[in-house]
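Can you keep this structure in mind? I'll have questions shortly.
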Amino acid sequence: MSYISGYDPDTLRERVNPSECRERLEEIGEQRSLPALLERVWLLKVLDRPEDALVVSEQSVRVARMAGTRKDLLRARILHATVLQARGAYAAAEQELTTCAAEAEGQGWAGIAAFAHQHRGKVHFDAGDYDAARKDFKRALFLRQESGATQDQLESVLLAIDAADRRRTAATVAS
């Protein structure tokens, strides 16, 4: 999505322009294509509307299951898991992302596997498990390099690894 202007180094959340996101959400309206549904989910999530995002993400998973490819379904399930994370349902998000990462790696889809690992790392990060977060971020970095990711994608993972290291160090010093 071109709406991301960067990532917050402390929370790992996307930095977006809310008015541009709201405008895009209005443009999409009630379109039912899978790409439109997935974009609506993401926009609702970054606009801090997790309940609305959950409803649309469940719909996107159903549409992907009925009319999409296996890759489409994995992408929809990963996005659904990020909505669960935004709602604080870390265990459910972790379970879904673990399943998606394993399936993507089993199929040799490094880019999708990296996406799942990076988001599972964010779940661990939010839950305060910085060692597990770092492990997932490192795996995502490896997979992104393997899949020929863009420099921006690599930088987002490196930022996440750095954030997990900082939090882990701070937690160690505090205890």
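The values are calculated or read from the model by the stated rules, or taken from the named source; none is laboratory data. Keep in mind the model is a prediction, meaning the values are calculated, not measured. Only protein heavy atoms, including side chains, enter the accessible area calculation; ligands, DNA and RNA are left aside. Shrake-Rupley method; radii C 1.70, N 1.55, O 1.52, S 1.80 Å.
For the range 102-107, just list the computed ³J(HN,Hα) in residue order, Karplus coefficients 6.51, -1.76 and 1.60, θ = phi - 60°, integers in Hz, with x standing in for Gly and Pro.
Taking θ as phi minus 60°, the curve returns 5, 5, 5, 5, x, 8 Hz for the range 102-107.
How large is ³J(HN,Hα), in whole Hz, for each residue of the range 23-30 in order, when computed from phi with the Karplus curve 6.51 cos²θ - 1.76 cosθ + 1.60 and θ = phi - 60°, using x for Gly and Pro?
Per-residue couplings from phi come out as 4, 5, 4, 5, 4, 5, x, 9 Hz.
Using the heavy atoms of the protein chains alone and a 1.4 angstrom probe, what is the accessible area of the chain per residue in square angstrom?
It amounts to 52 Å² per residue over the chain.
Turning to a different aspect of this structure: Considering the values (i) 47; (ii) 23; (iii) 60, which represents percent of Cα pairs over 27 Å apart as calculated for the structure under consideration?
(ii)
Give me the percent of the accessible area of the range 77-175 that comes from carbon and sulfur atoms, probe 1.4 Å, all protein chains in place.
Accessible surface attributable to carbon and sulfur in the range 77-175 totals 50 percent.
Here's a follow-up. What ratio of Cα Rg to 2.2 N^0.38 Å holds for the range 92-175?
So the Cα radius of gyration is 1.08 times the expected 2.2 N^0.38 Å.
Quick one: among GLU27, GLU94, GLU58, which has the greatest mean-square fluctuation in a GNM of the chain with alpha-carbon springs under 10 angstrom?
GLU27
Whole-Hz Karplus ³J(HN,Hα) for the range 87-96, in order, using 6.51 cos²θ - 1.76 cosθ + 1.60 and θ = phi - 60°, x for Gly and Pro?
Working through the residues one at a time gives 8, x, 8, 5, 4, 5, 5, 4, 4, 5 Hz.
So, one more: Looking at the chain as a GNM with Cα springs under 10 Å, which of SER156, SER57, SER33 has the largest mean-square fluctuation?
In this elastic network of the chain, the residue with the biggest mean-square fluctuation among SER156, SER57, SER33 is SER33.
Any idea what angle helix 130-146 forms with the longest principal axis of the chain, computed on alpha-carbon atoms, 0 to 90 degrees, nearest 10?
60
Then there's this: Rounding to the nearest 10 and keeping the result within 0 to 90°, find how far the Cα-based axis of helix 110-127 lies from the longest principal axis of the chain.
Long axis of 110-127 versus the principal axis of the chain: about 70 degrees.
Give me the base-10 log of I(q)/I(0) for the range 1-61 at each q in 0.28 Å⁻¹, Debye formula, one uniform scatterer per Cα, rounded to two decimals.
Debye intensities relative to I(0), on a log10 scale: -1.22.
In a Gaussian network model over the chain where Cα atoms closer than 10 Å are linked, find which of ALA36, ALA116, ALA86 has the largest mean-square fluctuation.
ALA36
List the residues, sorted by chain then number, that are 5 or more residues from VAL16 or on another chain and whose placed amide H is less than 5 Å from its amide H.
Counting only residues 5 or more places away or on other chains, the set is SER5.
For the range 142-175 and the range 14-73, what is the separation of their C-alpha centers, rounded to whole Å?
Spelled out, the Cα-based centre of one part sits 26 Å from the other.
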